[in-house]
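I have placed the structure first, in the form of structure tokens, so that the comments after it can refer back to it.
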Amino acid sequence: MENEIFQLQYALDTFYFLVCGALVMWMAAGFAMLEAGLVRGKNTVEILTKNVTLFAVACTMYMVCGYAIMYGGDYVLSTITGDGVTGADEPATYAPSADFFFQVVFVATAMSIVSGAVAERMKLFAFLAFAVVMTGFIYPMEGSWTWGGNPVFGMYTLGDLGFLDFAGSGIVHMAGAAAALAGVIMVGARKGKYGPNGEINAFPGANLPLATLGTFILWLGWFGFNGGSVLATASVESANAVAVVFMNTNAAAAGGCLAALLTAKLMFGKADLTMALNGCLAGLVAITAGPDTPSALQATLFGGLGGVLVVFSIVTLDKLKIDDPVGAISVHGVVGLLGLLLVPVTNDGASFSGQIIGGLTIFGWVFATSLLAFFAIKAVLGLRVSEEEEYEGSDIAECGMEAYPEFTSAR
Amino acid sequence: MKLVTAIIKPFKLDDVREALSQIGVQGITVTEVKGFGRQKGHTELYRGAEYVVDFLPKVKIEAAVTVEQVDQVIEAITSASHTGKIGDGKIFVTDIDQIIRIRTGETGEAAI
């Protein structure tokens, strides 16, 4: 009887893990649609190609070496596909392959944050070369110091210092944004974005319905992102935790959306949809480090903080001539840090100093290594499309096809 | 033979088409265009960055008509597309040297 209950728990936890992983995979569609909607029509095919391919690269590189770097074990997953129960000192509570599956979709999420920030001017294959490095090495290294529990180059262990990041505001989102920032700095702004006298020129997105769809898809997928990070559901305690996480994740998105929309209305005089969309995501990022401990009201307010912050961040980055077509650095980086810092407010298991040290470690590592990687790729492959290709559009230049071939419009 | 070209507000297209068919104009060509006249542009904000909305969407209607029809056509287009607000548009009348109906080979006024 006890064995049967254990079998059921194992099966349910594994099932839950896999479904949550599938939801996070669905976030890839969200990112693809969001980015496709916010870039110009002549660059849409290229960003879609980037999104599909980076996901494939992430899954492959993490399988080849990333997972081993982050959690130990052999390369190419040669020891991972075993049974979690037979012959183990202590039986696992879910199948080992489910653990890999859940982790790999997180890597892909971190990677896809970069694609929006460097959109419209980075060469496709230069980006994919970076994806290989990021998903095979850079992310797994910082992952090993955080979720992997290993000391940072043998110097200090973040968990011992009070660092806590439940589902990855810092480990996934801020890391992705750090790489994105490195990429944006190395590739430069889009031609014509910033004028000689400090003007900031608008490049409106080609398809706001897609951007909105993408945001809703991300919102849905995030239930898997945060919910799955409970790592279990087959007990009263963990089921309760899962429910709280779902509830708070949703509340934070709502808070972020409203706060961002109101901030935009006050700042610009009209309801900027793209800011509202970024606000939803900012709310989600803000709660991701700690969705289990706040009350629903606190979660809404935390999300709201993220929503206000993201609008100011987007405007500020433009003033600093850091060209981010989709606001990725603001949503995932600036608010990712906020997410980390909000954890100690409702969770005694984390300390502000631990969060700051962890944040700096993650940011410092990812930013520095990404700069190096982009530098090397720039030397070997070149990072940026030519000026004429940028004018013509990456779709024709890099992919040889148009996203909206029957819609003619002035460029 | 004259070519009457009218730039009008897009939502007036149906009214103008109706008015023209009532006076016997049997064929028109319609193009979506952008433009501005003496209206000044205005600015909008996209994610905090200003952009100027100079070019407004308009519809261009071209109709080949006989000299005798011109005044009627101008009257029909004007009354159907007029709103009294800025941006109502303009009508241009130009000469046509030759018209050929491709299917039958007819030329001149018979081809209208």
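The values are calculated or read from the model by the stated rules, or taken from the named source; none is laboratory data. The structure displayed is predicted, hence computed values, not measured ones. Here Cβ is always computed from backbone atoms with ideal geometry, including for glycine, and neighbour counts include all displayed protein chains.
Of the residues A:Phe166, A:Phe106, A:Phe102, the single one that is touching a residue at least 60 places away in the same chain (Cβ under 8 Å), under 16 Å from the mean Cα position of the chain (by Cα), part of a loop (DSSP other than H, G, I, E, B) and over 30 Å from A:Ala202 (Cβ atoms) is A:Phe166. Against the conditions (1) out of contact with any Gly (no Cβ under 7 Å at 6 or more places or on another chain); (2) away from chain B (no Cβ under 14 Å); (3) over 17 Å from A:Ala177 (Cα atoms); (4) outside any loop (DSSP other than H, G, I, E, B), A:Gly333 satisfies every one except (3). Is it true that some residue in region A:275-298 is of a type outside the set (A, V, I, L, M, F, W, C), within 18 Å of the chain's Cα centre (by Cα) and closer than 23 Å to A:Tyr194 by Cβ? Within region A:275-298, one or more residues are of a type outside the set (A, V, I, L, M, F, W, C), within 18 Å of the chain's Cα centre (by Cα) and closer than 23 Å to A:Tyr194 by Cβ. What tally of residues in region A:235-281 results from selecting those that are within 14 Å of chain B (Cβ to nearest Cβ) and small (Gly, Ala, Ser)? Residues in region A:235-281 being within 14 Å of chain B (Cβ to nearest Cβ) and small (Gly, Ala, Ser): 6 in total.
Can you find a residue that is touching a Cys at 6+ places or on another chain (Cβ under 6 Å) and either small (Gly, Ala, Ser) or under 23 Å from A:Phe130 (Cα atoms) (or both) anywhere in region A:21-43?
Keep residues of region A:21-43 that are touching a Cys at 6+ places or on another chain (Cβ under 6 Å), which gives none.
No, the conditions are met nowhere in region A:21-43.
Of all the criteria given as (1) at pLDDT below 95; (2) buried (at least 19 other Cβ atoms within 10 Å of the Cβ); (3) within 14 Å of chain B (Cβ to nearest Cβ), the one not satisfied by A:Lys193 is (1). Against the criterion of being part of a helix (DSSP H, G or I) and at pLDDT 95 or above, A:Gly290 does not qualify.
Residues in region A:312-358 that are within 30 Å of B:Arg47 (Cα to Cα), over 19 Å from the mean Cα position of the chain (by Cα) and of a type in the set (Asp, Glu): A:Asp318 only.
So that you can scan it fast, the table gives a plain yes or no per residue for (1) among the hydroxyl-bearing types (Ser, Thr, Tyr); (2) touching a Cys at 6+ places or on another chain (Cβ under 9 Å); (3) touching a residue at least 24 places away in the same chain (Cβ under 8 Å):
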{"site": "A:Gly136", "(1), (2), (3)": "no, yes, yes"}
{"site": "A:Asn150", "(1), (2), (3)": "no, no, no"}
{"site": "A:Ala177", "(1), (2), (3)": "no, no, yes"}
{"site": "A:Ile185", "(1), (2), (3)": "no, no, yes"}
{"site": "A:Ala189", "(1), (2), (3)": "no, no, yes"}
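Any residue at all in region A:63-80 that's buried (at least 23 other Cβ atoms within 10 Å of the Cβ), under 15 Å from the mean Cα position of the chain (by Cα) and of a type outside the set (Asp, Glu)? No.
Sort out which residues of region A:368-411 are in a helix (DSSP H, G or I) and buried (at least 21 other Cβ atoms within 10 Å of the Cβ), and write them in order of number. Break it down stepwise before answering.
So the first thing to find is which residues in region A:368-411 are in a helix (DSSP H, G or I), and the list is A:368-380, A:387-392, A:394-399.
Passing the criteria: A:Ser370, A:Ala373, A:Phe374, A:Ile377, A:Ser394, A:Asp395.
Yes or no: A:Ser351 of a type in the set (S, T, N, Q) and either within 19 Å of A:Pro204 (Cβ to Cβ) or surrounded by fewer than 24 Cβ atoms within 10 Å (Cβ to Cβ) (or both)? It is true that A:Ser351 is of a type in the set (S, T, N, Q) and either within 19 Å of A:Pro204 (Cβ to Cβ) or surrounded by fewer than 24 Cβ atoms within 10 Å (Cβ to Cβ) (or both).
Among the residues of region A:263-271, is any within 22 Å of A:Val24 (Cβ to Cβ), surrounded by 15 or more Cβ atoms within 10 Å (Cβ to Cβ) and either β-branched (Val, Ile, Thr) or under 19 Å from the mean Cα position of the chain (by Cα) (or both)? There is no residue in region A:263-271 that is within 22 Å of A:Val24 (Cβ to Cβ), surrounded by 15 or more Cβ atoms within 10 Å (Cβ to Cβ) and either β-branched (Val, Ile, Thr) or under 19 Å from the mean Cα position of the chain (by Cα) (or both).
Might you let me know whether region A:238-255 holds any residue that is within 21 Å of A:Phe203 (Cα to Cα) and of a type in the set (A, V, I, L, M)? Looking for residues that are within 21 Å of A:Phe203 (Cα to Cα) and of a type in the set (A, V, I, L, M), one finds none in region A:238-255, hence no. Is it true that some residue in region B:54-67 is under 30 Å from A:Leu317 (Cα atoms) and not basic (Lys, Arg)? Yes, the conditions are met somewhere in region B:54-67. For region B:1-85, the strands (runs of 3 or more DSSP E) that sit wholly inside it and include 3 or more residues that are within 14 Å of chain A (Cβ to nearest Cβ) and more than 30 Å from A:Ala264 (Cα to Cα) are B:29-35. For A:Pro344, the requirement of being outside any helix (DSSP H, G or I) and either of a type in the set (Lys, Arg) or modelled with pLDDT of 95 or more (or both) is not met. So is A:Met141 part of a helix (DSSP H, G or I), surrounded by 18 or more Cβ atoms within 10 Å (Cβ to Cβ) and either modelled with pLDDT under 95 or out of contact with any helix residue (DSSP H, G or I) (no Cβ under 6 Å at 6 or more places or on another chain) (or both) or not? So A:Met141 fits the description; yes. Can you find even one residue in region A:215-231 that is touching a residue at least 60 places away in the same chain (Cβ under 8 Å), within 21 Å of A:Val343 (Cα to Cα) and assigned to a loop (DSSP other than H, G, I, E, B)? Yes, that holds for at least one residue.
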